[in-house]
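All remarks here apply to the structure that follows.
Please treat every number below as a calculation from the coordinates, not as lab data. As the structure is a computational prediction, the values presented were derived from the model and not from experiment. We place every Cβ from the backbone using ideal geometry, glycine too, and count neighbours over all the protein chains shown.
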Amino acid sequence: MLKTAPIALFVYNRATHTRATLEALRNCELAAQSELYIFADAPRNPDDPQLVGQVAEVRTLIREEQWCGQVHIVEQKRNLGLADSIVGGINSILETNDRIIVLEDDICVTRGFLKFMNEALELYKDNERVMHVSGYIYPYSKRIRVDEETLFVNINTCWGWATWKRAWSYYNPDVDFHLANWNTEAKKKKFDIEGHAGYYHQLEQNKQGIIKSWAVKWYGSWLYADGYSLLPAKSLVRNIGNDGTGIHSLSTGRFDMELTDYAAVRPIALCENTAVRKSIDRFYQSLYSLPFSLRMKKAIKSLITGKEA
């Protein structure tokens, strides 16, 4: 029988998104054999009655059904914030487990998601170089031929993902550690896929206190440790949070990717698919590029004011 990893789900104040996420998870193959830990964060502002009500609604919702074979609910008494909530939850589960699957409250999975994740976790459990498994892959050119249903691309993908205790041991929350590791132009380019993903900028924003992100530090940790990330050739998750409702999300459909119900996990060569990597970099380049007219306006403003627009 296939070993099933414990699932960590992090929720806060979006009941509609949380319900969709839980219903999709409940419909997964292997859900009945899985153990689910739901971490519910406390209101950021306990004096905000609307926020308090939203958090209470989510806490009621997560108790409505037996979403998986076993369900454990952890209700925080004070607000931890997303980063500390996720890191703390992962640490607690990996104290007594050797692997984990991680979801957030806006990730809807396909029916074969858990089977894919658990098969990948089992197949690569003893391969020290494989450190991250994702259910999502960024949009890439359909002209690229991918012969297998999985591939290695060493990029940051945390919309439905999994790892092992052995790999998580490399996680370093110190942003100065990561800034020092990727401090040359060549290293920054690698960290930003091929120079356009903006992950190094996220590190700088963490240093400045503008954002507090665990994901970019996890990415920096396993990449610096010479790790590999396994992805499906087609996505097994859909992010429903890119609707502007989340604290850290924008309203966009640009990240939507063709879905598949399941991706077969078979041994493949431990080498990165550079064609897909470069195509994803071009996706990021187009994502962050400004329309020509706006670029011209910014350039003109820079010329007039003598300042960088």
Whether the chain is rounded, prolate or oblate, judged on the alpha carbon gyration tensor where a/c under 1.5 counts as rounded: oblate
Residue order, fewest to most surrounding Cβ atoms within 10 angstrom, among Met131, Met1: Met1, Met131
Out-of-range pairs (alpha-carbon distance over 25 Å; input Lys165/Lys278; Lys3/Lys165; Lys190/Lys212; Lys77/Lys212; Lys234/Lys278; Lys217/Lys278): Lys165/Lys278
Cβ-based exposure ranking for Glu194, Glu258, in which fewest neighbours within 10 Å come first: Glu258, Glu194
Linear extension gain, Arg254 paired with Ala225, 0.36 nm per residue minus alpha-carbon span: 7.4 nm
Highest-first arrangement of 114-126, 142-154, where packing means the average Cβ count within 10 Å: 114-126, 142-154
Net charge contributed by nearby residues that have their C-beta within less than 14 Å of Gln66 (K/R +1, D/E -1): -2
The chain: calculated mean residue ellipticity at 222 nm from DSSP helix runs of at least 4, using -39500 (n - 2.57): -11500 deg cm²/dmol
Efficiency of FRET from Cβ geometry, Ile73 and Glu23, R₀ 22 Å, rounded to 0.05: 0.80
